[in-house]
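Novice: Below you'll find the structure I mean.
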């Protein structure tokens with residue numbers, strides 16, 4: 001059975017990465033419940049400080065309440081999807097408990113997908129809706145709803161704050177993947193590092209050939225191993241990867257170096273070294 005790709009975790013990672021410089025001014029809520037039961041909006045980004053400047057391709061158009069719907073490459077984007085998202089915005093506004101507590105003047109609606117919605121845009125133009133493109137990948141739609149409505153084509157984004165969205169699609173630029181991997185390795189914030197790993201898992205699933213090629217570069221291979229070292233360690237603690245653990249122990253006892261074992265087993269050097277140290281400690 002083909003493993004299901006968790007696109008929304010990747011998108012969560014992309015949002016965290018894209019707005020990492022502004023997290024003091026923003027609150028990001030995933031799958032915000034609109035009633036006691038579904039439906040749920042994918043993400044809501046709340047601007048906590050009215051005068052905060054969010055200076056990137058998406059954040060420049062923020063108001064206070066910014067609703068996001070993320071469509072994976074396999075999802076369609078048509079009029080019904082747009083109106084469903086508009087309906088979510090209406091529920092969010094109307095279910096606060098107080099009349100007009102959230103004004104439509106404080107809201108935006110953003111739908112993201114990797115491919116350009118050619119058919120939908122043609123339909124809107126035929127209906128004399130106005131489509132503006134203030135910057136690469138950002139499309140403002142006029143005439144559908146009073147709340148500012150944006151379609152973001154992630155393939156077209158050039159703002160490196162949103163590098164995650166570019167690498168979570170097929171045929172991603174190897175240099176983009178290389179840059180993001182190095183950024184992730186230098187990230188010290190544990191929560192953001194976790195989110196960045198979610199992005200890379202999707203990127204690898206969508207670009208296996210590219211990753212195989214990149215792993216031939218020693219720096220990239222070691223970087224990817226070390227980035228996921230925490231998850232490998234967790235698997236070992238749970239006993240899920242005992243066979244690999246035992247293999248490494250056997251190779252160490254045969255005199256193989258940690259570097260040789262890391263290359264052969266495609267495991268983080270730091271974890272192989274950790275096993276070696278534990279074996280040495282047992283010997284005394």
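Novice: If you check residue 110 against the conditions, is it in a helix (DSSP H, G or I), touching a residue at least 12 places away in the same chain (Cβ under 8 Å) and either touching a strand residue (DSSP E or B) at 6+ places or on another chain (Cβ under 9 Å) or within 23 Å of residue 14 (Cα to Cα) (or both)? Give the derivation first.
Specialist: On the way: in a helix (DSSP H, G or I): no; touching a residue at least 12 places away in the same chain (Cβ under 8 Å): yes; either touching a strand residue (DSSP E or B) at 6+ places or on another chain (Cβ under 9 Å) or within 23 Å of residue 14 (Cα to Cα) (or both): yes.
Judged against the criteria, residue 110 is not a match.
Novice: Among 216, 127, 206, 156, which is the only one that is within 25 Å of residue 62 (Cα to Cα), outside the structural domain of residue 258 (by TED's automatic domain parsing) and out of contact with any strand residue (DSSP E or B) (no Cβ under 8 Å at 6 or more places or on another chain)? Spell out the reasoning first.
Specialist: Numbers: 216 fails: within 25 Å of residue 62 (Cα to Cα); 127 fails: within 25 Å of residue 62 (Cα to Cα); 206 fails: within 25 Å of residue 62 (Cα to Cα).
Answer to the check: 156.
Novice: Somewhere in segment 93-102, is a residue surrounded by 13 or more Cβ atoms within 10 Å (Cβ to Cβ), in contact with a strand residue (DSSP E or B) (Cβ under 9 Å, 6 or more places away or on another chain), assigned to a helix (DSSP H, G or I) and modelled with pLDDT under 95?
Specialist: yes
Novice: Filter segment 240-279 for residues that are within 29 Å of the chain's Cα centre (by Cα) and surrounded by fewer than 15 Cβ atoms within 10 Å (Cβ to Cβ) and give the result.
Specialist: Passing the criteria: 240, 266.
Novice: Same structure again: Checking residue 68 against (1) surrounded by fewer than 20 Cβ atoms within 10 Å (Cβ to Cβ); (2) within 25 Å of residue 159 (Cβ to Cβ), which test does it fail?
Specialist: That leaves (1) as the condition not met.
Novice: Does residue 160 satisfy the condition of being modelled with pLDDT under 90 and surrounded by fewer than 18 Cβ atoms within 10 Å (Cβ to Cβ)?
Specialist: Values: modelled with pLDDT under 90: no; surrounded by fewer than 18 Cβ atoms within 10 Å (Cβ to Cβ): yes.
In short, no.
Novice: So if I check each of 54, 41, which one is assigned to a strand (DSSP E or B) and buried (at least 16 other Cβ atoms within 10 Å of the Cβ)?
Specialist: Values: 54 fails: assigned to a strand (DSSP E or B).
Answer to the selection: 41.
Novice: For residue 133, are the conditions met, namely being in a strand (DSSP E or B) and within 27 Å of residue 8 (Cβ to Cβ)?
Specialist: Numbers: in a strand (DSSP E or B): yes; within 27 Å of residue 8 (Cβ to Cβ): yes.
Taking the combined requirement at face value, the residue satisfies it.
Novice: When the residues of segment 206-232 are narrowed to those that are crowded, with 16+ Cβ neighbours inside 10 Å and over 16 Å from residue 267 (Cα atoms), which ends up nearest to the chain's Cα centre (by Cα)?
Specialist: 206
Novice: Also, I was wondering about something else. Looking at segment 147-197, which of its residues are closer than 20 Å to residue 116 by Cβ and free of Cβ contacts under 8 Å to residues at least 12 places away in the same chain?
Specialist: 173
Novice: Determine, yes or no, whether residue 191 is modelled with pLDDT under 70, surrounded by fewer than 16 Cβ atoms within 10 Å (Cβ to Cβ) and assigned to a helix (DSSP H, G or I). Give the steps one after another, and end with the answer.
Specialist: Values: modelled with pLDDT under 70: no; surrounded by fewer than 16 Cβ atoms within 10 Å (Cβ to Cβ): yes; assigned to a helix (DSSP H, G or I): yes.
Answer is no for this residue.
The values are calculated or read from the model by the stated rules, or taken from the named source; none is laboratory data. Here the structure is a predicted model, which means the values were calculated and not measured. Positions of Cβ are generated from backbone atoms using ideal geometry, with glycine treated the same way; all protein chains shown enter the neighbour counts.
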